[in-house]
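First up is the structure itself, then whatever we jot down about it.
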Amino acid sequence: MNLTRLIIPALMCLPLWGCNQAGNSSNLRPRAATKDAVTANINVGAEYMREGNYEKALEKLDRARAIDPGYYGTYNIYGLLYQRMGQNADAERNFRKALGLASNDPAVLNNFGQFLCNTERAAEAEKIFLQAAGNPLNQMPEVALTNAGICMQKSGQLVKAEEYYRKALELNRDLADALIRMAQISQEQGNALSARGFLQRYLANAKPTAQSLWLGIQIERELGDTNAVSSYVLMLKNNFPDSREAGLLEQSGLR
């Protein structure tokens, strides 16, 4: 079961990753006279990117850059776009350009950290995520801490991963992404009772997924609670009948 997906900030809300967050640069917004045009082009470009129309996305971002070449948000989206296109050198160049204009913006730091983690540069990514978490203007440092944990987990550094998840949960005890990963780590370490507790907290704060229900089945099988196993099996079959985990039910003889 793969639960090592990084938390991705919302693609566009100017600035990204929480409209109330800020970095320490004077370039946090386009100039008033050009703000609407820049915002419109970036938003449309981000939507094209979501749809996979990269040519149109580039066209809109190019327009935004031409209107105001000093606005960091354009380069942040360029970085995400080039990353999706598999052009890592261009992605990194644009993320660094964005950071040059807004060195502590949480959105750029989270996105760049994700890029570094996905390109197997976990140590560099860790530093970037911690920079985002340590920014006193970041209103949600628990997200950056969770991303650091996910990256450490992805690179096999489970002790560090758990440390970051626990720090994130100290700031927000209901953070679903940290809870589900703590449940996974606890289960892998053979601590089924702890895993149950984290999973129950996760399910109290987030909609179940096929992966989380399958994890619940594994945990309750270890604890010998057949009623709980049956409940998770029923939810998995009813809600995610075509999932890989539903197929695993058949293979394991749980029906």
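All of the numbers you see were taken from the coordinates with simple rules; none came from a lab. The structure presented is a predicted model; accordingly, all values stated were derived computationally and were not measured. Note that each Cβ is placed from the backbone with ideal geometry, even for glycine, and that neighbours are counted across all protein chains shown.
Just a few scattered comments:
- Along each principal axis, Cα extent of segment 174-255, largest first, Å: 30, 24, 19
- Computing Rg and Dmax of the Cα atoms in Å for the structure here picks out one of (i) 20.4, 65; (ii) 17.8, 52; (iii) 22.7, 72, namely (i).
- Lysine pairs meeting the criterion (Cα under 16 Å, 8 or more apart or interchain), as found in the chain: 5
- Sorting E163, E245 by the number of Cβ atoms found within 10 Å of their own Cβ, with the fewest placed first, yields E163, E245.
- Per-residue Cβ neighbour rank within 10 angstrom, fewest leading, M140, M152: M140, M152
- Among 194-201, 88-95, the order from most to least packed when residues are scored by Cβ within 10 Å on average: 194-201, 88-95
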